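Contents: one structure, followed by commentary.
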Amino acid sequence: MANKKDKGSAQADAATAPARAEGAYRVLARKYRPQTFEDAFIGQSAMVRTLANAFAAGRIAHAFMLTGVRGVGKTTTARIIAKALNCIGPDGTRTAPTVTPCGVCEPCVSIAESRNVDVHEMDAASHTGIDDIREIIEGVRYAPAQARYKVYIIDEVHMLSKAAFNGLLKTLEEPPGHVKFAFATTEIRRVPITVLSRCQRFDLKRVGVDELAAHLARICDLENQPAAPEALGLIARAAEGSVRDALSLLDQAFAHAGGSRIEEEPVRQMMGLADRSRGLELFERLMRGAVPEALAEFRSQYDSGADPLSVMQDLAQICHEVTRVKVTGGLSISGAPAEEARRIGELGAKLSVPQLARTWQLLLKALTEVQSAPDAAAAAEMAMIRIGFVAELPPTEQIIRSLGSGSGTAAPRGSAGAPAAATPAPPPPAPALRSASSGGEPSASLVSSQPRVAPVPVVRAEADAAPRLESFADVLAYVRDKREMRLLYALENQVHLVGFERTRLEVRLAPAAPATLPGEISDRLSKWTGERWIVTVSGAEGAPTVAAQRAAHEQARREAAEQDPLLKAAIAMFPGARLVAVRDKDGYGAPGEGGEGE
């Protein structure tokens with residue numbers, strides 16, 4: 001099989017090898033790429049220890065699956081494994097794999113320069129088909145030409161087609177003794193489980209901000225480049241756990257500094273980020289509802305070169321950190337300066353979790369809007385106006401209680417000033433279902449004559465006493481509370497109440513009701529209440545079923561609502577509009593009004 005190179009790294013290394021002799025510059029991500037296990041991969045000590053112990057004990061797997069985010073060392077690990085398998089030592093006398101490849105023998109040098117004929121690198125993103133896998137299957141039959149093992153390194157292996165994966169399975173499960181496989185992927189879920197089960201898997205984790213910043217500081221010392229710790233921390237946070245991304249940003253910062261000390265503010269400008277302290281100030285103004293001040297601060301940052309999307313991402317990150325500090329009791333943020341941590345703690349003490357959760361949802365929506373809007377700055381400003389005007393709204397349940405009590409609710413704080421505090425009030429009592437007499441005709445309707453249907457009140461038993469069911473409504477509520485949904489359905493849809501007394505029910509059954517229903521009602525109520533209940537079947541008509549009364553009441557509400565002049569005007573204004581549902585104003589309407597349906 002022809003030696004296939006990874007276009008992102010292998011070919012670049014081979015192409016620049018002659019140029020390096022002439023003094024060509026090598027980027028930091030390649031210059032400081034680990035070459036041995038002793039280089040101690042940044043943040044991957046568990047993986048290094050496992051591999052080192054496996055080599056030392058001679059328990060070397062035939063296939064490795066390396067997964068993690070970009071830039072954490074997957075392909076680098078695969079190359080070090082290839083060198084460890086094939087190193088022959090400085091004097092050429094080493095006959096077994098080693099955890100400490102020398103780096104100077106011919107196999108080590110040729111593998112590092114991606115020119116070893118027995119170490120094949122393939123980029124699965126550009127070689128996805130079964131034909132490419134057939135070349136591997138054909139090649140594994142032949143012994144290595146120079147090295148101890150043939151090693152196949154397949155990067156982004158999840159990009160292989162289904163046919164390619166299936167073609168690789170048998171060879172991957174039982175390869176010849178002289179063949180090893182090393183796969184790298186950023187999307188492990190797209191790799192078939194049949195392939196994963198044949199590999200030894202290593203999950204390379206994201207590198208922490210503090211650890212990554214310390215690594216950048218060591219590189220700055222080796223390069224004799226002074227750098228402020230705040231600037232390195234900013235780069236480490238922006239890299240999101242990727243060492244390669246961090247080194248690429250550091251390379252850019254070197255060029256931006258032009259030999260002088262790398263400072264935080266120039267790095268922010270280089271990456272298009274807003275000042276972190278100014279981001280905290282903007283977030284604080286939004287949460288105070290000071291919308292004009294927040295817009296002025298955003299416009300100042302925008303005029304200074306801050307990207308609107310970066311500003312919104314920074315606000316989202318601050319919201320997350322404040323919420324995390326709030327719920328964990330002041331747990332410090334990793335990599336944050338002391339002053340920043342103090343301000344985040346103060347914000348967490350002032351704000352409630354519902355406020356922060358609502359702000360988080362608004363910021364997530366704002367990020368999508370800013371990305372897709374033709375004017376990103378305008379979209380960001382509109383999102384901030386939304387956040388500022390709802391930042392101090394009370395919780396939803398408090399608003400509903402206030403509306404139901406007619407006491408009004410608080411208005412969001414904006415440019416007009418602080419809102420008035422909302423006074424929570426309990427919801428109005430629900431009207432109970434009326435009972436019928438024990439005579440032949442019902443004495444009253446089961447549904448209250450009030451214009452809205454409220455939930456049936458739930459009667460709960462005392463801890464040490466059986467429940468007392470004083471009405472048919474209590475019976476329905478207690479059955480619902482016991483979660484006997486089948487029995488509740490029968491009571492509401494198949495029972496016409498003729499009469500009710502304590503421990504006595506007189507009913508007429510609907511044609512669809514089972515004949516055993518009265519006995520079941522009697523048994524259940526007697527068991528639950530500790531009293532003997534008698535349920536008799538009457539020939540009287542009785543009241544309509546609860547379900548029928550509710551349906552009639554809803555129809556009456558709709559008919560009444562359709563006669564409302566405002567609704568008629570709205571339907572006339574919007575052709576094709578129709579009345580979908582009628583809601584009570586205690587849940588959805590304006591404060592201070594009655595309970596009529598709208």
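Every number in this text was worked out from the coordinates using simple rules, so none of it is lab data. All values reported here derive from a predicted model rather than from experimental measurement. A quick note on method: Cβ atoms are made from the backbone with ideal geometry, for glycine too, and the neighbour counts reach across all protein chains shown.
Given R₀ = 45 Å, FRET efficiency for S352-S300 by Cβ-Cβ distance, to 0.05? So, using R0 = 45 Å, E works out to roughly 0.95.
Extension gain N166-D564, at 0.36 nm per residue separation less the Cα-Cα distance, in nm? It would help to have the intermediate numbers written out before the result.
Numbers: separation 398, 0.36 × 398 = 143.28 nm, distance 6.76 nm.
Extra length from N166 to D564 when fully extended: 136.5 nm.
As a calculated quantity, the FRET efficiency between A255 and H320 at R0 = 30 Å, using C-beta atoms, amounts to about 0.40.
How charged is the neighbourhood of A349? Take every other residue with its Cβ under 13 Å from the Cβ of A349, and add Lys/Arg as +1 and Asp/Glu as -1. Provide the component values of the computation, followed by the final result.
Values: positive: K326, R342, R343, K350; negative: E284, E346.
Cβ neighbours under 13 Å give a net charge of +2.
With a simple spin-label model that places each label point 7 Å from the Cα along the Cα-to-Cβ direction, the separation between A510 and R550 comes to 1.1 nm.
Exposure proxy check: K74, K170 ranked by fewest other beta carbons within 10 Å? Provide the component values of the computation, followed by the final result.
Numbers: K74 24, K170 11.
Going from sparsest to densest Cβ surroundings: K170, K74.
What is the distance in Å between the Cα centres of the range 182-208 and the range 69-118? When both Cα centres are located, 21 Å separates them. Compactness check for the range 209-271: Cα Rg over 2.2 N^0.38 Å is 0.94.
Could you give the length gained by full extension between K205 and R30, i.e. 0.36 nm per residue of separation minus their alpha carbon distance, to one decimal place? Intermediate results must be reported in sequence, preceding the final value.
Values: separation 175, 0.36 × 175 = 63.00 nm, distance 2.02 nm.
Stretched fully, the K205-R30 segment lengthens by 61.0 nm.
I need R299, R278, R189, R115 ordered by Cβ neighbour count within 10 Å, fewest first.
Values: R299 12, R278 18, R189 9, R115 15.
Arranged by neighbour count, lowest to highest, R299, R278, R189, R115 become R189, R299, R115, R278.
Under the convention that each Lys and Arg Cβ holds +1 and each Asp and Glu Cβ holds -1, the size of the dipole of the range 490-546 around its Cα centre is about 140 debye.
Note down the net charge around L169, summing +1 for each Lys or Arg and -1 for each Asp or Glu among other residues with Cβ under 12 Å from its Cβ. Result for the neighbourhood of L169: +1. For the range 121-199, GluC sites (Glu not before Pro) are listed when DSSP marks them as loop and at most 15 other Cβ atoms sit within 10 Å of their Cβ; the list is E187.
Which order, highest average first, do 285-292, 346-353 follow once you tally other Cβ atoms within 10 Å for each residue and take the mean per peptide? If you can, show how the numbers build up before the last one.
Working: 285-292: 20.4, 346-353: 15.6.
Most protected by this proxy first, the peptides run 285-292, 346-353.
Once Rg and the Kirkwood radius are both taken over the C-alpha atoms of the range 276-390, their ratio Rg/Rh works out to 0.95. Charging the Cβ of each Asp and Glu at -1 and of each Lys and Arg at +1, and nothing else, the dipole of the range 46-161 about its Cα centre rounds to 520 debye. Relative to the current alpha-carbon distance between V109 and D523, full extension at 0.36 nm per residue lengthens the span by 140.4 nm. How many angstrom lie between the C-alpha centres of the range 264-315 and the range 484-547? First find each Cα centre; the distance between them is then 67 Å.
The ranking of D314, D91 by Cβ neighbour count inside 10 Å, starting from the fewest, reads D91, D314.
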